[in-house]
Amino acid sequence: MQLSVDEELLKSFETVYRLNDGREVVFRPLKPKEDVEMLYQFYSTLSKEKNYFRFLSYRKVTRWIVEEWANVNYDQSMVLVAVVDNGGERKVVADSRYYLDKSTGAAEIAIVVHNDWQHKGIGTNLLLHTIKVAKEMGVKKLYAYVSSENRKIASIGIKLGFTTKWYPDMGEYGGELILNK
Ligand SMILES: CC(C)(COP(=O)(O)OP(=O)(O)OC[C@H]1O[C@@H](n2cnc3c(N)ncnc32)[C@H](O)[C@@H]1OP(=O)(O)O)[C@@H](O)C(=O)NCCC(=O)NCCS
């Protein structure tokens, strides 16, 4: 795979978020080969509900699929992971990603935080960081399809400046969160 984004720029997308208890969570671009195992552990241990809200229908997670999800080029497809160090063992605890349509400058964004690490501000702050990275990468608009039952992401999105557009006809595919920059 050929990268179209240089290492220095990627390094500048790394930041540390500190939890209330003092622990550090590193937000950084995913390393496609190195991080596959951690990413597989993350996705394969998510609850069914998290999986459903993330994908809008339950998705079976296989090693092969996770390898596909790890195959990013940072230019069109960007993934930022939240990584913790658990006594020497590194773990992915959240995944935030967007996919850019270069012809429109709009990117679809999606985020998921592991059950064991929710309600610690990781979702809000990783999303905020992803917005910052997207802006620096020239993304003009971010949008996310969300379930109408997913009030939590709607509330976080609105706090961060997204507008909502609900589609009653879409049933469980409730609507879109949109951020124009
Ligand atoms: C939606 C989701 C990303 C939120 O992640 P999260 O890390 O739990 O989110 P946060 O901790 O930032 O915010 C959740 C709550 O914690 C609170 N919180 C924020 N910072 C906090 C902190 N430092 N300590 C404790 N709680 C905090 C917030 O007030 C927020 O409460 P609210 O929902 O009543 O406003 C997560 O639940 C998830 O992965 N859901 C499944 C996938 C999904 O829905 N993705 C979106 C569609 S693509």
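All but one of (1) over 17 Å from the mean Cα position of the chain (by Cα); (2) assigned to a loop (DSSP other than H, G, I, E, B); (3) within 13 Å of the ligand (Cβ to nearest atom) hold for T164; which doesn't? Evaluating T164 over (1) over 17 Å from the mean Cα position of the chain (by Cα); (2) assigned to a loop (DSSP other than H, G, I, E, B); (3) within 13 Å of the ligand (Cβ to nearest atom) leaves (2) as the failure. With respect to the conditions (1) away from the ligand (no atom under 11 Å from the Cβ); (2) within 24 Å of N86 (Cα to Cα), H114 lacks only one, and its number is (1). Please specify each residue of segment 92-132 satisfying the condition of being within 14 Å of L39 (Cβ to Cβ) and of a type in the set (F, W, Y). Within segment 92-132, none qualify. If you check every pair at least six apart or on different chains, which have Cβ atoms under 7 Å apart with a residue in segment 112-131 that is farther than 13 Å from I153 by Cα first and a residue that is in a helix (DSSP H, G or I) and near the ligand (Cβ under 6 Å from one of its atoms) second? Between residues of segment 112-131 that are farther than 13 Å from I153 by Cα and residues that are in a helix (DSSP H, G or I) and near the ligand (Cβ under 6 Å from one of its atoms), the close pairs are N115/K50.
Of Y52, Y99, which residue is within 16 Å of the ligand (Cβ to nearest atom), surrounded by 14 or more Cβ atoms within 10 Å (Cβ to Cβ) and under 14 Å from the mean Cα position of the chain (by Cα)? Break it down stepwise before answering.
Working: Y52 fails: under 14 Å from the mean Cα position of the chain (by Cα).
On inspection, the qualifying residue turns out to be Y99.
If the condition is being within 15 Å of K33 (Cβ to Cβ), without any contact (Cβ under 8 Å) to a residue 40 or more places away in the chain and not β-branched (V, I, T), then segment 61-76 contributes R63, W64, E67, E68, W69.
Restricting A106, A134 to those that are over 17 Å from F53 (Cβ atoms), away from the ligand (no atom under 14 Å from the Cβ) and within 12 Å of the chain's Cα centre (by Cα) reduces the list to A134. Looking at G121, G157, G171, just one residue is over 28 Å from V5 (Cα atoms) and either hydrophobic (A, V, I, L, M, F, W, C) or modelled with pLDDT under 95 (or both), and that residue is G171. For segment 6-42, residues that are surrounded by 19 or more Cβ atoms within 10 Å (Cβ to Cβ), touching a residue at least 40 places away in the same chain (Cβ under 8 Å) and over 18 Å from T130 (Cβ atoms) total 1.
The values are calculated or read from the model by the stated rules, or taken from the named source; none is laboratory data. Bear in mind the structure is a predicted one, so any value in this text is a computation, not a measurement. A quick note on method: Cβ atoms are made from the backbone with ideal geometry, for glycine too, and the neighbour counts reach across all protein chains shown.
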